[in-house]
Structures are given as structure tokens and as C-alpha cells.
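Worksheet for the structure shown next.
The values are calculated or read from the model by the stated rules, or taken from the named source; none is laboratory data. What you see is a predicted model; the values in this text were computed from it and never measured. All Cβ positions, glycine included, derive from the backbone under ideal geometry; neighbour counts span all protein chains shown.
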Amino acid sequence: MHKRTCQAFLTASLSASLTAFLSAFLTAFFTVAACAATTPAAQAMIMSPLPYPAASAASPSPAPSPAQAAPSPAPHLPSGTATATSFWDSGTASGLPMSYETIASPYWPLGTRVRISYEGRSAVGVVQDFGPAEWAVAQHDIPAIVDLSEKMMAGLTGARSNSVHVKFQVLSWGTGRVYRHSGTGYDLAMGRG
């Protein structure tokens, strides 16, 4: 066989084999991943909060790359006063159904546990969704960095649909995705506002 003919034959054979292999591999991978994400154990693992490791004075950690998703943790857990709005939706970004404890935040990782207090009443919720939208955060005198489930809002204020000033206290960081790393109210949400 001529050298160019052999090269063309080998290139075509390898290309077809590699394409078939990659197609089969990716199909199997995403099928297994989709099935695993629907099991209760997988959902619990996705949503279970893990504490941030303590900083070590002996060996400084390298600077995070811009591609990392989680925000740099503040030296303390954030707390402060914010506007809270309410919502109820058919689903959440975490994949979990809406419940009393569902909270949405554009800045806190999914799985973050937060205590919300209003006029002597308090409730603990878990960030399971992203929101409010940037325009909604910015339209309040104090940024609306937290969206409470309508059930939690009703338990705290007596009205399902409401917009009130609340005290918030992050109890533990979640390990899930974060929607935004900047915007109106970001410093407040991170305890720097």
C-alpha cells in the first residue's frame, strides 16, 4: 500500500473508532450521573453542608483560580440586617421540592443554613434555590439578599407574600453551586456590608 493511502486509512479508522468510543462513553457517563442524582443518598450528599476547614498559619493556601465556583469564606460567618422577600415555585435549583425551610439567595452556596429573625420570631432555612433577581435585590432600601418560602414568611410575619427587614445569621456554609459572586448586596451577604 502507498504511504499516503495507509495514512488516510489509519486516520479514518481511528477517527471513526474514537468517535464511537467517545459517544458510547459519554452516553454511559451521563446516564449513570443522571440516575445517581435522583437517589435520596445522592441528593443528601449534594445538599449536606460541610464546614470550611480552619485556616492554617503554618502553610498558606495558594490563591484560588478564577475558575473555582465557591466564594472565599469570610473569617467569620456573616450576619446582619437585610430585606427578605417571599416566593413559591414548582421546583428549586437544588432539585429538591419547595418546603417551609426553602430559602433562595443569589450569593450563598446551595446547602447554606441560615437563621432568619423577625420581630422576636425566628426560623432556620436552607439555601435550595437562587434569587431574588438582581433588579429585585436592588429595588429595596436594604438589599433583598434572601428570598424566603411563602410558608416561612407566613410563619414569621403572618403574610405569605411580603417584603420585610429581617436579621440573618449564616449558621454553616453549603457546598453547592453559587449563582453570583458580585452585585447589589454581595458585601452585605458576605458580612462585609
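Odds and ends about this structure:
- Of everything listed in (1) of a type outside the set (Asp, Glu); (2) modelled with pLDDT of 95 or more; (3) in a loop (DSSP other than H, G, I, E, B), the single unmet condition for Pro132 is (2).
- Residue check, Ser117 in the same structural domain as Thr175 (by TED's automatic domain parsing) and either surrounded by fewer than 24 Cβ atoms within 10 Å (Cβ to Cβ) or within 14 Å of the chain's Cα centre (by Cα) (or both): yes
- Residue that is surrounded by the most Cβ atoms within 10 Å (Cβ to Cβ) [pool: residues in region 164-178 that are assigned to a loop (DSSP other than H, G, I, E, B) and in contact with a Ser or Thr (Cβ under 7 Å, 6 or more places away or on another chain)]: Gly174
- Selection status of His181, assigned to a strand (DSSP E or B) and surrounded by fewer than 16 Cβ atoms within 10 Å (Cβ to Cβ): no
- Unique match (being part of a strand (DSSP E or B), in contact with a helix residue (DSSP H, G or I) (Cβ under 8 Å, 6 or more places away or on another chain) and in contact (Cβ under 8 Å) with a residue 12 or more places away in the chain) among Ser161, Ser86: Ser86
- Single unsatisfied condition, Leu148 versus (1) part of a loop (DSSP other than H, G, I, E, B); (2) surrounded by 18 or more Cβ atoms within 10 Å (Cβ to Cβ): (1)
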